[in-house]
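Data block below; observations after.
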Amino acid sequence: MQEPLWVFGYGSLIWDPGFPVAERRIARLDGWHRSFCMRSIHHRGTVENPGLVLALDRADGASCTGVAFRVEPGEENATLFALRERELVSSAYLERTLAVTTDAGALDAVAYVIDPDHVQYCHLDREEQAQIIAQACGGRGRNCEYLWSTAAHLAELGIRDPDLDWLAERVRELA
């Protein structure tokens, strides 16, 4: 019997997983934080005018609360193929299997983390992030819509992210 496939969502996967979901659980990933640290040249920006998307960035003492999705049985291979097409469009993300904690216990989940050595990796202050997100647009739409949708869905789930909330408000002021 094949083990269940779990996927950890911390950004757009929360509101647009793009694969058949059998179960959702609020989950915490320790040692990583959700960050607008990846320049987007495909989905939310262009090569000429990059946007920013969320990535998991390693940080001692940090944690990221998101959603663990159990993939519908029998759909594991198709899901991994679709996720790789979506998330690995450039080599800025690395696919990892990481331990997450849920109310029902620990489990291993596929997650996409930033490669800190990749050219698309950046570390910007929140105001710089807001300025970029307010104006960028790419193949999957406006960068601000990505931010606002992620912030709204986190709030619906009761997941607090003060940095994301500040960015969402600031980008509304700028847009």
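A few comments on the model shown:
- Helix axis angle, 126-135 relative to the chain longest principal axis, alpha carbon, degrees: 90
- For region 3-8, 3J(HN,Hα) per residue [Karplus equation, 6.51 cos²θ - 1.76 cosθ + 1.60, θ = phi - 60°, Hz, x = Gly/Pro]: 5, x, 9, 10, 10, 9
- Close amide H partners of LEU88, meaning residues 5 or more places away or on another chain with modelled amide H under 5 Å apart, do not exist here.
- The string of couplings for region 80-92 from the Karplus curve (6.51, -1.76, 1.60, θ = phi - 60°) is 4, 4, 5, 5, 5, 4, 7, 8, 9, 4, 10, 8, 6 Hz, one whole number per residue in order, with x for Gly and Pro.
- Cut-off 20 Å (backbone N to label point 7 Å along Cα→Cβ of ALA152), residues of region 26-58: 44-45, 52-54
- Cα centroid separation, region 85-108 to region 9-81 (Å): 7
- Long-range amide H partners of GLY138 with built H, under 5 Å: GLY45, ASN143
- Counting only heavy atoms of the protein chains and using a 1.4 Å probe, GLU76 has close to 20 Å² of accessible surface.
- Between 0 and 90°, nearest 10: helix 143-156 axis offset from the chain longest Cα axis: 50
- Of the chymotrypsin sites (Phe, Trp or Tyr not before Pro) in region 97-154, those whose Cβ has at most 16 other Cβ within 10 Å and which sit in DSSP loop: none
- Folded to 0 to 90 degrees: helix 162-174 orientation relative to the chain principal axis, Cα: 40
- Dipole moment magnitude, nearest 20 debye, region 1-111 about Cα centre, only Lys, Arg, Asp, Glu C-beta charged: 300
- Accessible surface ranking that places the most exposed of ILE159, ILE41 first, with a 1.4 angstrom probe: ILE41, ILE159
- Whole-number percent relative contact order across region 100-175, with pairs defined as alpha carbons under 8 Å at least 6 apart: 28
The values are calculated or read from the model by the stated rules, or taken from the named source; none is laboratory data. This is a predicted model, so every value here is computed, not measured. No Cβ is skipped: glycine too gets one built from the backbone with ideal geometry, and neighbour counts run over all protein chains shown. The area values use the complete protein model at the heavy-atom level, side chains included, leaving out ligands, DNA and RNA. Shrake-Rupley method; radii C 1.70, N 1.55, O 1.52, S 1.80 Å.
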